[in-house]
Amino acid sequence: NNTIERLGKWYKESAASNTELYNIKSPGSLAGEGAAMFLVNNNPNGALARIISMKMLHTADIEEVVKGLQTFLEPFLKTGITPDLLITGENGDERHLPFYEAVENEISKDVSIMRYKHMSGEYPTSSAFALWLSTKVLNLEILPLHLFKRKPAVGFKTILIYNHFKGAQHSFMLVKK
């Protein structure tokens, strides 16, 4: 699989350090691999986090992604549930940066932004890593600065996760403490 992904130019051609991933302007990302398992049920007792909602869409059109985000958030904004943190799957691939920038531009400037693929690399189910990370963020009082793209903070209550794979498979998750 790694060879096929490299031939498809999905990974950086030259050696890239994870600490420099977001500064290298070129196609491709870091190769990643992972698995996650969560216990999901209707019992909130002892829960580390609650998945309020999730949505997936398949498109290569940035406007459809923005519209999908607006449609996803609209019911929650009406009830006063607003994210105070956006976790994105920004992966250092300059071809996909416009998707992440479009989503970031739809979010209030008061919302903190965090990235994670410098830790996990790129792989088809990396959104599970972001979900795991959101449970940690909601329950820790100290967070590493290298996670933040904008407005480092702590004490988050509601997290919006946005990720996509290869610019076509997009997902939104709303997670709350």
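The values are calculated or read from the model by the stated rules, or taken from the named source; none is laboratory data. Bear in mind the structure is a predicted one, so any value in this text is a computation, not a measurement. Note: ideal-geometry Cβ built from the backbone for every residue, glycine included; neighbour counts use all protein chains shown. Side chains are part of the model used for accessible areas, which takes the heavy atoms of the whole protein and leaves out ligands, DNA and RNA. Shrake-Rupley method; radii C 1.70, N 1.55, O 1.52, S 1.80 Å.
See the values below:
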quantity	calculated
Tabulated pairs, segment 2-23, first hydrophobic (A, V, I, L, M, F, W, C), second open to solvent by less than 90 Å² (accessible area, probe 1.4 Å) and assigned to a helix (DSSP H, G or I), C-beta under 6 angstrom, 6+ apart or interchain	L21/H118
Members of segment 53-83 that are of a type in the set (V, I, T) and over 18 Å from I107 (Cα atoms)	T59
Selection count where residues are under 21 Å from G167 (Cβ atoms) and surrounded by 12 or more Cβ atoms within 10 Å (Cβ to Cβ), scope segment 22-40	11
Scan of segment 12-21 for residues that are part of a loop (DSSP other than H, G, I, E, B) and exposed (fewer than 13 other Cβ atoms within 10 Å of the Cβ), ordered by number	E13, S14, A15, S17
Strands (runs of 3 or more DSSP E) wholly inside segment 113-177 containing at least 2 residues that are closer than 18 Å to I81 by Cα	158-165, 169-176
Selected residue (criterion: nearest to S17 (Cα to Cα)) from residues of segment 60-105 that are open to solvent by less than 60 Å² (accessible area, probe 1.4 Å) and among the hydroxyl-bearing types (S, T, Y)	T88
Looking only at segment 1-21, and only at residues there that are within 18 Å of G167 (Cβ to Cβ) and of a type outside the set (K, R), the one that is nearest to the chain's Cα centre (by Cα)	L21
Test result for E33, farther than 15 Å from K177 by Cα, in a loop (DSSP other than H, G, I, E, B) and in contact (Cβ under 8 Å) with a residue 40 or more places away in the chain	yes
Failed condition for F172, given (1) within 20 Å of K12 (Cβ to Cβ); (2) touching a residue at least 60 places away in the same chain (Cβ under 8 Å); (3) touching a helix residue (DSSP H, G or I) at 6+ places or on another chain (Cβ under 9 Å)	(1)
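For (1) buried (at least 20 other Cβ atoms within 10 Å of the Cβ); (2) closer than 21 Å to K177 by Cβ, each residue gets a yes or a no:
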site: K109; (1), (2): no, no
site: S112; (1), (2): yes, yes
site: H118; (1), (2): yes, no
site: P124; (1), (2): no, no
site: S127; (1), (2): yes, yes
site: W132; (1), (2): no, yes
site: L140; (1), (2): no, yes
site: P144; (1), (2): no, yes
site: F148; (1), (2): no, yes
